[in-house]
Amino acid sequence: MKKKSETEPESCSEPVRRKAKPVLRIDVWSDIACPWCWIGKRKLEAALTEFAHGEDVEVVWRAFELDPSAPRTLDNPGRSYAERLARKYGTSVEEGQKMIDRMTRVGTDNGVRMRFDRIHPGNTFDAHRLLHLARKKGLQEPLKERFFKAYLQDGEPIGEREALIRVASEVGIDANQAEAVLIGNDFKVQVRQDETKATALGIMGVPFFLFGKQYGISGAQPAEVLLQLLHKTWGEMLQEMKTVREGVKCGPTGCT
């Protein structure tokens, strides 16, 4: 047995600490049926590209249903997207088309090609369930991107389970596992928890970005605005970590 040194204090000594790698989390509430959410995703990606610590940022995609009452399958195949917008916002079809033209233009400017003439509206609840499955597998980001493209560009009937399973399998999710999730009740609670949290935060529209559980901002904001929030939140996070480290002190009688 090693002989105890007479000079060794009768207390615990300050442990050897390895610096924890800082990770900044951004929670994003969005719906794959939301064109501005796809554009917002591109703007966030542009901001992360300019951020020196982009590899140390974790983006978590949270569920938000623009129309929870939407049917799983298309209710009126003959109605155009402009007509749907006009009906939703109580405006004319011409105004609806202007909304489409603007979203298409902004999307193109941000590297997103949307085909509103192909869109098959449907309920997105099951898609959000699969996004929770994808997060467990480290595939949430690619599935989110693929869902956006499937709905807003390829014209996939994203409310139908067969389409969801096929699209999910394209990013590496086992088709049998995806089917089991959709047939059962897996991740229903998690989707509802996301939506409950959105209500608690007062989120009325998406995309909505929450930086480090501190700063929230809604809309497809310019990349410059998101970059400023990245710098602000990152700096405050490092300062908080430093304060915590320096606040723990050990001495002959113990630790405080």
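How far, in degrees from 0 to 90, does helix 223-247 lean away from the longest principal axis of the Cα atoms of the chain, to the nearest 10?
With rounding to tens, the tilt is 20 degrees.
Given only helices, namely DSSP H runs of n ≥ 4 each adding -39500 (n - 2.57), what is the per-residue ellipticity at 222 nm of the chain, to the nearest 500 deg cm²/dmol?
That comes out to -15500 deg cm²/dmol.
Among the listed pairs K43/K88; K43/K188; K43/K232; K41/K149; K136/K188, which are separated by more than 19 Å between their Cα atoms?
Flagged as over cut-off: K43/K88; K43/K188.
At 7 Å along the Cα-to-beta-carbon direction for both Y89 and V244, put a label point, then send me their distance in nm to one decimal.
4.4
If I take the Cα coordinates of region 78-173 and project them onto the principal axes, what are the three extents in Å, biggest first?
44, 28, 18
Hey, for a label at E170 modelled as a point 7 Å past Cα toward Cβ, could you say which residues of region 133-148 have their backbone N under 13 Å away?
Only 142-148 pass the distance filter.
What does the convex hull of the Cα atoms of region 42-93 come to per residue, in Å³, rounded to a whole number?
143
Which value, in debye to the nearest 20, describes the size of the charge dipole of the chain about its Cα centre when Lys and Arg Cβ atoms bear +1, Asp and Glu Cβ atoms bear -1, and nothing else is charged?
With only Lys, Arg, Asp and Glu charged at Cβ, the dipole is about 460 debye.
Can you sort M103, M241, M114, M204 so the residue with the fewest Cβ neighbours within 10 Å comes first? Write down the numbers at each step before the final one.
Working: M103 20, M241 13, M114 23, M204 9.
Exposure proxy ranking, most exposed first: M204, M241, M103, M114.
Of all DSSP beta bridges located in the chain, what percent are antiparallel, nearest 5?
Taking every DSSP beta bridge with both residues in the chain, the antiparallel ones total about 60 percent.
Apply the Debye scattering formula to the chain, with a single equal point scatterer on each alpha-carbon and no solvent, then give log10 I(q)/I(0) at q = 0.08, 0.12, 0.15 Å⁻¹.
Each listed q corresponds, in turn, to -0.41, -0.77, -1.10.
So what are region 129-245's ellipsoid semi-axes, whole angstrom, largest first, if each one is the square root of 5 times an eigenvalue of the alpha-carbon gyration tensor?
Largest first, region 129-245 gives 32, 17, 15 Å.
Quick note: the coordinates plus some simple rules give every number you see, no bench work behind them. These numbers were taken from a predicted model, which means no experiment stands behind them. Glycine gets a Cβ as well: all are built from the backbone with ideal geometry, and neighbour counts include every protein chain shown.
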